[in-house]
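Following: one structure in C-alpha cells, then a few remarks.
The numbers here are math on the coordinates, done by the rules we state, and not lab data. Since we're looking at a predicted model, the values are computed, not measured. Cβ atoms come from the backbone with ideal geometry, glycine included; neighbour counts cover every protein chain shown.
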Amino acid sequence: MDILFIADPLAKFKIYKDTTYAMMAEAARRGHVVYACEPQHLAWTGANVEATVSRVGIVGDTADLHRHPWHESGAPENRTLTSFGAVVMRKDPPFDMEYVTSTWLLELAERAGARVFNKPQAIRDHSEKLAIGEFSQFVAPTLVTRDPARLRAFHAEHGDVILKPLDGMGGMGVFRVTREGMNLGSIVEMLSHDGARSVMAQKFIPEIAAGDKRILLIGGQAVPYSLARIPQGGEVRGNLAAGGLGVAQPLSARDREIADTLAPVLAARGLLLVGLDAIGDWLTEVNVTSPTCFREIMEQTGFDVAALFVDALERAAG
C-alpha cells in the first residue's frame, strides 16, 4: 500500500537514531510505497484534504546507518489523503496551534475515509504531561497549576521537586529545586510567565539515577524492552536530547503492570503507538505525538521494533 509519513524535513533525519526512518525503511522493505510531506503541505480545498507529497526511495546499504544520502525524493505531487492506505503523523512537537490545526485537517480527512495514525482526536485529547492524571495509581505526587503560591506550598511539602512546562520536549525547561529552595521564585516566575501559564511540579524521584525509562506500546502491546535514558555529567534530565545515555533493558514487573493497564485503553482510542515514560515505579508522561527510541532498542537487543510497528499498521489499515 501507499503510506504517507507527515514528518519533519527528511534532510534533518539522523538515521542512526531516527524512529521515523526505521518505520519508513521497514515499510519499504516489505514492498509498501513510502511518501512524505510536512504539515505545511496539508490543505483543505473545500472538498478534500490534500497534501503536496513526494515519493521516498530508500537508497544505499541499509546496514550503514551513517550513509548520505539515504533517500531520493520523487517530484512533488498533490494527492488526497484518502488515496493512501495509511497516513502516519510523525511531526515532532512543539504542540502549538499549527500542530492542532494539522490534527483538525487530518480529522477532516479521516471523516472522508483516510486512515490516520495516531488518531488525530486522540493526539489532541492526550496532553503528554497531563494524561497521567487518568492513571493516578501509577503517579508520584504531582501538581499542575499556574498559581505560584500552590507551587511554593508543593515545594515546602515535598522538599525536592521537579518543575517543568506542559509543552516542553526533550527535557527542555526542566528544573530540579532541592530542599533549600535555591532560585525557586525565579524558576516559578519564568516557567509560569508570572502566573500566565500552567506548570507541572512533581516530587523528585531518586531512581532517575537509573534512568528515565521509555516504554513503547504498539497496537495495544508492550515492547518487551524499555530504553532507560540515564542522566550524564551531573544532569538531572535523562532525555537523549539532553545528553542522556540510552540503555535498553527488559521491562520490570512494575513496568509491565503499567504497560498492561494502559495499553488496551489507549489502543482502543486510536493510539497505535505510545511512548510511556517511567522513573522507578512511577509513570511520568504519556507520549502520543512522535514517540522515539526504536533504533536504540533494536540495536541493543535485536528486537525488531520497526517490524512490530509495521505489523500493527498493516492490521489497523486493513
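Below, the figures for the structure above:
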| item | result |
| --- | --- |
| Stretchable slack from ARG254 to LEU130, in nm (0.36 nm times residue separation minus alpha-carbon distance) | 42.6 nm |
| Table column - 3J(HN,Hα) (Hz), the range 278-293, Karplus curve with 6.51, -1.76, 1.60, x for Gly and Pro | 9, 10, x, 9, 10, 7, 10, 8, 10, 8, 10, 7, 8, x, 10, 5 |
| Magnitude of the charge dipole, the range 1-147, Cβ model with Lys/Arg +1 and Asp/Glu -1, debye to 20 | 220 debye |
| Cα centre as origin, Lys/Arg/Asp/Glu Cβ charges: the range 141-204 dipole, Debye | 100 debye |
| All aspartates and glutamates inside 18 Å of LYS14 as judged from Cα atoms, apart from same-chain residues fewer than 8 positions distant | GLU26, GLU38, ASP61, ASP64, GLU72, ASP92, GLU296, GLU299 |
| Share antiparallel - DSSP beta bridges, the range 212-308, percent rounded to 5 | 100 percent |
| Positive-end extreme of charge dipole, the chain - chosen from ILE258, VAL87, LEU42 (charges on Cβ) | ILE258 |
| Contact order relative to length of the range 141-204, as percent, for alpha carbon pairs under 8 angstrom and 6 or more apart | 49 percent |
| P(r) weight above 21 Å for the range 207-317, C-alpha pairs, percent | 31 percent |
| Share of pairwise Cα separations in the chain, more than 23 Å, in percent | 59 percent |
| Reach of LYS119 by Cα under 19 Å, taken over lysines that are not fewer than 8 positions away in the same chain | LYS91, LYS129 |
| In nm, spacing of pseudo-spin labels at ARG269 and GLU207 (7 Å Cα→C-beta vector) | 2.3 nm |
| FRET efficiency for ASP92 and ARG152, using Cβ-Cβ distance with R0 set to 35 Å, rounded to 0.05 | 0.60 |
